[in-house]
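Down below is the structure, laid out as structure tokens.
The values are calculated or read from the model by the stated rules, or taken from the named source; none is laboratory data. Only a predicted model underlies this, so the values are computations on that prediction, with no experimental measurement involved. Quick reminder, even Gly has a Cβ in these numbers, built from the backbone with ideal geometry, and neighbours come from all protein chains shown. Accessible surface areas use protein heavy atoms only, side chains included; no ligands, DNA or RNA. Shrake-Rupley method; radii C 1.70, N 1.55, O 1.52, S 1.80 Å.
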Amino acid sequence: AYFRERNWMFGISEQWFKGCCQQMWEHLELRCVRDASHAAGGCPRCAREINPHWLLLLFSTLMLAPRRLVGPTAREYFWKAMDLRRLIEDVMLNSPAYSWGPTQSGVHGITLSCIAAALYTCYLADHGRVSDAWKLAGVAIRNAQAMGLHRDPGWEKLEKMDKMEREIRLLSWWYLVTSDRYVIYAG
């Protein structure tokens with residue numbers, strides 16, 4: 001429902017997003033059949049964790065789904081996303097890399113959080129919390145600049161990334177810029 005009715009504002013690739021959802025569900029359904037692997041510290045496939053940046057993006061899209069479909073649970077998704085933002089801040093202090101995600105890059109996780117911040121900003125502005133939305137947009141833009149998301153995709157360090165990651169980095173920057181403008185006009 002989000003992609004039918006709200007994604008026109010952001011343009012997140014539905015194919016990419018659904019592919020990432022499918023990867024997540026496959027990972028969650030993974031069960032190790034070898035009992036010995038648990039005694040030896042676990043097998044590498046079972047030990048991987050889901051990237052909280054991805055979960056933040058997932059909950060952010062759910063909170064923007066049409067209200068008639070999610071009803072009051074949109075607010076619950078909002079608070080779940082808030083909890084994930086706090087978790088990301090805490091975990092990043094201890095473990096900056098995650099072994100599962102749409103790609104393996106830690107920078108990619110940050111770009112997912114930036115996209116989620118743009119969705120978050122829209123949610124806050126739609127609910128009359130323009131000041132909070134503007135603060136969030138400002139913090140997210142500063143974080144994006146610190147990660148170099150504002151740089152041209154032809155930048156030499158970006159050439160080492162695959163095409164999808166370059167596209168997501170570029171889009172995440174523009175999502176933040178447009179969400180900042182959206183908040184200005186919403187206020």
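Brief remarks follow.
- Pairs, first over 12 Å from residue 61 (Cα atoms) and part of a helix (DSSP H, G or I) in segment 1-24, second open to solvent by less than 50 Å² (accessible area, probe 1.4 Å) and aromatic (Phe, Trp, Tyr), C-beta under 8 Å, six or more apart: 20/54; 24/54
- Within segment 128-143, tally of residues that are free of Cβ contacts under 8 Å to residues at least 40 places away in the same chain, among the β-branched types (Val, Ile, Thr) and either closer than 16 Å to residue 74 by Cα or touching a helix residue (DSSP H, G or I) at 6+ places or on another chain (Cβ under 7 Å) (or both): 1
- Odd one out for residue 169, checked against (1) modelled with pLDDT of 85 or more; (2) open to solvent by less than 80 Å² (accessible area, probe 1.4 Å): (1)
- Matching residues in segment 108-127 - criterion: being free of Cβ contacts under 8 Å to residues at least 60 places away in the same chain and open to solvent by 60 Å² or more (accessible area, probe 1.4 Å): 127
- Unique match (being at negative phi and modelled with pLDDT of 80 or more) among 31, 48, 6: 6
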